[in-house]
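Report on the following structure.
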Amino acid sequence: MAFPPQLKIAATYMRGGTSKGVFFKLDDLPLAAQTPGPARDKLLLRVIGSPDPYGKHTDGMGGATSSTSKTVILSRSSRADHDVDYLFGQVSIDKPFIDWSGNCGNLTAAVGSFAISNGLVDASRVPDNGTCVVRIWQANIQKTIIAHVPITNGEVQETGDFELDGVTFPAAEVQVEFMDPASDEDADESGKGSSMFPTGNVVDEFEVPGFGKLQATFIDAGIPTIFVNAADIGYTGTELQGAINENADALLKFETLRAHGALKMGLISSIEEAASRQHTPKIAFVAPPADYVSSSGKAINAGDIDLLVRAMSMGKLHHAMMGTAAVAIATAAAVPGTLVNLAAGGGDRNQVVFGHPSGTLRVGAEAKQVNGEWTVTKAIMSRSARVLMEGWVRVPQD
């Protein structure tokens, strides 16, 4: 029996923030995969190596974690005042499924660099030296993001001395601004697009099997996120990955919490739908500052942070912090009375430093009330990005 040769597709493997993924230009994909649908999903699943019952991604480019099982498709933007359209796919590790419902804030830091290096940004906008402002249209969530990419001698500057907890080596700093990151006022049929606080409250009480009644802040800024108090669910907020990811009962309880929270936020219409919406919403638990030792062995002092945050991504405790969840943290911290704001000490805040499993992160947001409704104009954080490998990926044809 004869088998066809593998497809050869131009691609770039990039780290952005504390994540990495496979980046494609839209017009480099096979024709059938240039539009959304089963052909695209099938191709990208095979690129990553999913579904993998062994949970290793041995036969693909994925890293078998939520932070490293990602794909990005970029093209010149068709929208006015934007340079590049950015579409993100979160690939399930053990299921034949790609979640297109949200953004990856970490990989956003690599989008500007890729766009410049691959000719998606007009040459007239790229200085010989200085900073290139890349205007990104995030297609998953229909939002504008601005990346400030350093340029040296007309090329992207990737090396530098900016250190990011959760990333082993320093690199050049890329400042990212998430413009108007809260959800739009009018919801569509998928449930996306409700107000920043979908329930209309900064804190709600709701009941979850296995937990009982819990207080929660439901927010849609950066990515739909459910914040709960660590103490209310039996944690301290200083946990590292092993404390949760090696506990099957804990993971099941967190998924139950996520599903009921998604229903409360109006993102799904039945609990069963949560299984096909793995990327959103996120679950995060918060606590006041405390001393702890990060996953790298670095001592984190309570006096150096405003609060503790731990977040779940694709069913596991994240090793650091998702960029989009960091936007949600910054936004919630800026609104008095949310669980995030209260954990940080309450009051008016336009930035916080929070502790996560790998260390600390500073984030900022500008929030205000308009006609009684809270809104946020932008959230800001610094990340770094670099090319790990570029060339082609090979994918077997069926």
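Available extension along the chain between residue 370 and residue 215 is 53.3 nm, counting 0.36 nm per residue and deducting the alpha carbon span.
Normalising the Debye intensity of the stretch 225-356 to I(0), with uniform scatterers on Cα atoms only, and taking log10 at q = 0.09, 0.14, 0.17 Å⁻¹ returns -0.25, -0.60, -0.88.
Using a probe radius of 1.4 angstrom, the carbon and sulfur fraction of the accessible surface of the chain is 49%. Geometric descriptor of the stretch 257-307, per residue, is 106 Å³ (volume of the convex hull of the Cα atoms). Shown here is the pair-distance distribution of the stretch 74-119: with all Cα-Cα distances grouped in 10 Å bins from zero up to the longest one, the shares run 24, 45, 25, 6 percent. Stokes-Einstein diffusion for the chain, with the hydrodynamic radius set to the Kirkwood value over Cα pairs and evaluated at 10 °C in a medium of 1.306 mPa s, equals 75 µm²/s. With a threshold of 22 Å on the Cα-Cα distance, the over-threshold entries among 70/143; 143/378; 42/253; 70/264 are 42/253; 70/264.
Estimated from the Cβ-Cβ distance and a Förster radius of 30 angstrom, the FRET efficiency linking residue 205 and residue 42 is about 0.10. For the stretch 1-51, relative contact order (Cα pairs under 8 Å, six or more residues apart, normalised by length) works out to 21 percent. Over all Cα atoms in the stretch 311-398, the spread is summed up by Rg and Dmax: 17.5, 58 Å. Charged neighbours of residue 133, selected by a Cβ distance under 13 Å, balance to -2 (K, R count +1; D, E count -1). Each label point is 7 Å from the Cα along the Cα-to-Cβ direction; what then is the distance between the points at residue 128 and residue 270, in nm? Inter-label distance under the simple model: 6.4 nm.
Over the chain, Cα pairs under 8 Å with separation of 6+ residues give a relative contact order of 19 percent. Translational diffusion coefficient of the stretch 36-99 (Stokes-Einstein, Kirkwood radius from Cα pairs, 25 °C, 0.890 mPa s): 199 µm²/s. Computed with a 1.4 Å probe over protein heavy atoms only, the accessible surface of the chain comes to 42 Å² per residue.
The values are calculated or read from the model by the stated rules, or taken from the named source; none is laboratory data. Bear in mind that the values here come from a model prediction, so they are computed numbers and not experimental data. Glycine gets a Cβ as well: all are built from the backbone with ideal geometry, and neighbour counts include every protein chain shown. With ligands, DNA and RNA removed, areas are computed over all heavy atoms of the protein, side chains included. Shrake-Rupley method; radii C 1.70, N 1.55, O 1.52, S 1.80 Å.
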